[in-house]
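> Handing you this structure, nothing more for now.
The values are calculated or read from the model by the stated rules, or taken from the named source; none is laboratory data. Just so you know, these numbers come straight off a predicted model, no measurement behind them. Here the Cβ is made from the backbone with ideal geometry for all residues, glycine too, and neighbour counts use every protein chain on show. In case anyone asks, the SASA skips ligands and DNA or RNA and just uses the protein heavy atoms, side chains included. Shrake-Rupley method; radii C 1.70, N 1.55, O 1.52, S 1.80 Å.
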Protein chains: 2
Amino acid sequence: MEPIRVVQMGLGAVGCGIAQTAMGRSQLQMVGAIDVDPAKVGRDLGELLGVEEALGIPISASLGDVLASQPVDVVLQATGSHIPDVVHQLKEIAEAGCDVVSTCEELAYPWLRHPELAHEIDAKARECGVTILGTGVNPGFVMDTLVLVATAVCSGIRRIESRRIVAARERRLALQQKIGSGMEQAEFRQLAARDEIGHVGLRESFYLIAAGLGWEIPAAQETIEPVFAEERIPTEDFDIVAGQVAGIHQTVHGASEGRELMLDLTMSMAAAASQDSIKIEANPPMHVEVVGGTHGDQATWSMVANMVPRVAAAPAGLLTMLDVGLPRAIG
Amino acid sequence: MEPIRVVQMGLGAVGCGIAQTAMGRSQLQMVGAIDVDPAKVGRDLGELLGVEEALGIPISASLGDVLASQPVDVVLQATGSHIPDVVHQLKEIAEAGCDVVSTCEELAYPWLRHPELAHEIDAKARECGVTILGTGVNPGFVMDTLVLVATAVCSGIRRIESRRIVAARERRLALQQKIGSGMEQAEFRQLAARDEIGHVGLRESFYLIAAGLGWEIPAAQETIEPVFAEERIPTEDFDIVAGQVAGIHQTVHGASEGRELMLDLTMSMAAAASQDSIKIEANPPMHVEVVGGTHGDQATWSMVANMVPRVAAAPAGLLTMLDVGLPRAIG
């Protein structure tokens, strides 16, 4: 079987991780890399990834530049969390006839926050005969896809609770900062009120589960609260003193027709260990634990690479994890 | 949306459980029931299920009898564990133009033990434009599908171990007897040597995982050993004395190109608690536990009912859990 030709679009920390991971897959062939940063354009991808030998893959400024020299099957997009920020790129990729696997969090269930943009993207994808999928570890796997799969053996579901604890001390600085570590309470609350802090994707996971189960839950409630440090938390890069923010606790909850869905996410420098947990009240009940949690970064990199053949084989359109077959690792 | 019209074929303990479960689904409409037992034919399905009021669904002797009075979309087959025992029925159902969700264990990965029959069934299904799927809790879910989904966030998999412990004391008598409870060692070993005891489906799970991951493991090794009672085990129906067989311990193991797959199943009256466990050595590693295990009977009933819309929407052919989309509960 011919390898699937992929291009990495976006070479931040996530994009570089995906590129490195995808290059380890025999079913995929990395044929290009794209970033808007002029300081990266023109350099060899290997240099950016810290690989000793040059890969012979120059970083391009645009997909057009890559396509000028060879065909591309699938673009791996890691350029933004919000649909309005990536919609222009998605349309451009579709018009070039390439499928997309994207880490854009809002794309995991795009029909929620941006139904009009989602329809535009979907129409463009169908018109161009390409598939577009948003995925990753969260949203995309641990608090939605894995939850849905766990329901496959259940009847009469009354309540689903998915709880994720991320021990942020084990994670990179960008995540530690994203969750407000070291902030004062007032600053956190101001940012939260302006929607400028918190995990993007929890509502998407919620509505992906609801859509997968055929549950109509019109009004899910979201909460975002700071987690406070109870004692001094020293880290490599900064210290958090007692009383300062150590992380976030975010929930999305909704109920309808006697069925209840609760997603509960804590990402905190104070958390002792990571853990993912799914509890389904049903016949039979299911209680799934991912001991030690599902690693955020590495899992996202793997998920994107693993979904490439699924997306390449899927029908055209803006799809979700409900539509692209059984997710699994590829060789 | 119009409900999918289903018929239950086979009204043993598993078939009755599926029928009852399927009738609880708003997306499904039970329009008939079939059994070969003359003592059941002609009675109302509700009577067999212990429902107070008659359901108006007479038990028929054949699919033809059901089809004489109404159309059928999907047949839920629970009539045998081995492909040679059900192949005739499958062809008959296909010729009637109905899809099939079957609990036949060998059908979970039919290309292994009976490649020629599998090709015949597949050809017939395609010719008739119907879909045929073998599924259940095990094989079909806990030691294969769930394992595959857990790999979706992994790269560089070195070893996968799936371990299932069934505390047989919590299960029905038929299972307790199936695993050799109360036998003397010599009798167990004679039956094992003749392939007349043990769980059907562990090799199917093994090769379903291998196929899903694209691993070629030509020579998997299977072991079946008795588990002995260390002390007297009293049960509702019989007592097991120390030294007698309390259950089975069965494994399938294989390795190829530095990758290893181990399935390890214990079903024993001596087991204190049920538990399912998946350990994947990879980047990132994944360690999934189903606390308290996945209940065998109820999970199979649910799985069959939940997969009906997936199978109704899938392309024609003899498919596996790799081919029918994301498994999940239906309303």
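> Would you mind stating whether A:Gln185 is open to solvent by 50 Å² or more (accessible area, probe 1.4 Å), among the polar types (S, T, N, Q) and away from chain B (no Cβ under 14 Å)?
Judged against the criteria, A:Gln185 is a match.
> Quick one: would you say B:Glu281 is more than 7 Å from chain A (Cβ to nearest Cβ), open to solvent by 10 Å² or more (accessible area, probe 1.4 Å), more than 18 Å from the chain's Cα centre (by Cα) and at positive phi?
no
> If the Cβ limit is 7 Å and pairs must be 6+ apart or interchain, which residue in region B:35-61 that is at pLDDT 95 or above and open to solvent by less than 30 Å² (accessible area, probe 1.4 Å) pairs with which residue that is among the acidic types (Asp, Glu) and in a loop (DSSP other than H, G, I, E, B)?
B:Gly46/B:Glu53; B:Ile59/B:Asp35
> Condition first: closer than 21 Å to A:Cys98 by Cβ and touching a strand residue (DSSP E or B) at 6+ places or on another chain (Cβ under 9 Å). Can you find one or more residues in region A:47-54 that meet it?
Within region A:47-54, none of the residues are closer than 21 Å to A:Cys98 by Cβ and touching a strand residue (DSSP E or B) at 6+ places or on another chain (Cβ under 9 Å).
> Just give me the residues in region B:148-167 being in contact with a strand residue (DSSP E or B) (Cβ under 6 Å, 6 or more places away or on another chain), open to solvent by less than 40 Å² (accessible area, probe 1.4 Å) and more than 9 Å from chain A (Cβ to nearest Cβ), in sequence order.
Answer for region B:148-167, where residues must be in contact with a strand residue (DSSP E or B) (Cβ under 6 Å, 6 or more places away or on another chain), open to solvent by less than 40 Å² (accessible area, probe 1.4 Å) and more than 9 Å from chain A (Cβ to nearest Cβ): B:Ile160, B:Glu161, B:Ser162, B:Arg164, B:Val166.
> Taking region B:111-136 as the region of interest, how many residues are open to solvent by 10 Å² or more (accessible area, probe 1.4 Å) and either under 14 Å from B:Val200 (Cα atoms) or not in a helix (DSSP H, G or I) (or both)?
Within region B:111-136, residues that are open to solvent by 10 Å² or more (accessible area, probe 1.4 Å) and either under 14 Å from B:Val200 (Cα atoms) or not in a helix (DSSP H, G or I) (or both) number 5.
> Of everything in region B:1-26, what is without any contact (Cβ under 8 Å) to a residue 12 or more places away in the chain and open to solvent by less than 20 Å² (accessible area, probe 1.4 Å)? Give them in sequence order.
Within region B:1-26, no residue meets the criteria.
> Now a separate question. Any idea which of B:Ala272, B:Ala316 is farther than 22 Å from A:Leu148 by Cα, touching a Gly at 6+ places or on another chain (Cβ under 7 Å) and of a type in the set (Gly, Ala, Ser)?
B:Ala316
> Being open to solvent by 60 Å² or more (accessible area, probe 1.4 Å) and either among the charged types (D, E, K, R) or closer than 30 Å to B:Arg126 by Cα (or both): is that true of B:Asp239 here?
Answer is yes for this residue.
> Which one of A:Gln70, A:Gln29 is polar (S, T, N, Q), touching a residue at least 40 places away in the same chain (Cβ under 8 Å) and in contact with a Lys or Arg (Cβ under 8 Å, 6 or more places away or on another chain)?
Answer to the selection: A:Gln70.
> While we're on this one: Looking only at residues in region B:286-315 that are in contact (Cβ under 8 Å) with a residue 12 or more places away in the chain, closer than 29 Å to A:Asp297 by Cα and more than 19 Å from the chain's Cα centre (by Cα), which one is surrounded by the fewest Cβ atoms within 10 Å (Cβ to Cβ)?
B:Val291
> Take A:Glu257 and tell me if it is within 14 Å of another protein chain (Cβ to nearest Cβ) and of a type in the set (Asp, Glu).
Yes; evaluated as a whole, the condition is true for this residue.
> In addition: So in region B:192-227, with the set limited to residues that are surrounded by fewer than 22 Cβ atoms within 10 Å (Cβ to Cβ), under 19 Å from the mean Cα position of the chain (by Cα) and acidic (Asp, Glu), which one is nearest to B:Ala150 (Cα to Cα)?
B:Glu222
> Still on this structure: Would you check if B:Met143 is more than 14 Å from every other protein chain (Cβ to nearest Cβ) and aliphatic (A, V, I, L, M)?
It is false that B:Met143 is more than 14 Å from every other protein chain (Cβ to nearest Cβ) and aliphatic (A, V, I, L, M).
> Just give me the residues in region A:137-183 being part of a strand (DSSP E or B) and at negative phi, in sequence order.
Correct list: A:Ser155, A:Ile157, A:Arg158, A:Arg159, A:Ile160, A:Glu161, A:Ser162, A:Arg163, A:Arg164, A:Ile165, A:Val166, A:Ala167.
> So the check is Cβ under 9 Å with 6+ separation or different chains; which pairs have a first residue in region B:228-250 that's farther than 18 Å from B:Asp264 by Cβ and touching a residue at least 12 places away in the same chain (Cβ under 8 Å) and a second one that's of a type in the set (Lys, Arg) and buried (at least 17 other Cβ atoms within 10 Å of the Cβ)?
Matching pairs, first to second residue: B:Ile233/B:Arg169; B:Thr235/B:Arg169.
> I'm told A:Ser81 meets every condition in (1) over 26 Å from A:Val200 (Cβ atoms); (2) touching a residue at least 60 places away in the same chain (Cβ under 8 Å) except one. Can you identify the failing condition by its number?
(1)
> Just give me the residues in region A:287-300 being at the interface with chain B (Cβ under 7 Å from one of its Cβ atoms) and on the phi < 0 side of the Ramachandran plot, in sequence order.
A:His287, A:Val288, A:Glu289, A:Val290, A:Val291, A:Thr294, A:His295, A:Gln298, A:Ala299
> Can I ask one more? May I ask you to say which residue of A:Met303, A:Met267, A:Met321, A:Met307 is away from chain B (no Cβ under 14 Å) and under 26 Å from A:Thr103 (Cα atoms)?
Sole residue among the options that is away from chain B (no Cβ under 14 Å) and under 26 Å from A:Thr103 (Cα atoms): A:Met267.
> Looking at (1) on the phi > 0 side of the Ramachandran plot; (2) away from chain A (no Cβ under 14 Å), find the lone condition where B:Asp239 falls short.
With respect to (1) on the phi > 0 side of the Ramachandran plot; (2) away from chain A (no Cβ under 14 Å), B:Asp239 is out only on (1).
> Mind checking whether some residue in region A:255-275 is more than 22 Å from B:Gln27 (Cβ to Cβ) and without any contact (Cβ under 8 Å) to a residue 40 or more places away in the chain?
no
> Something else now. I'd like the full set of residues that are without any contact (Cβ under 8 Å) to a residue 12 or more places away in the chain and among the charged types (D, E, K, R), limited to region A:86-106.
None; the set is empty.
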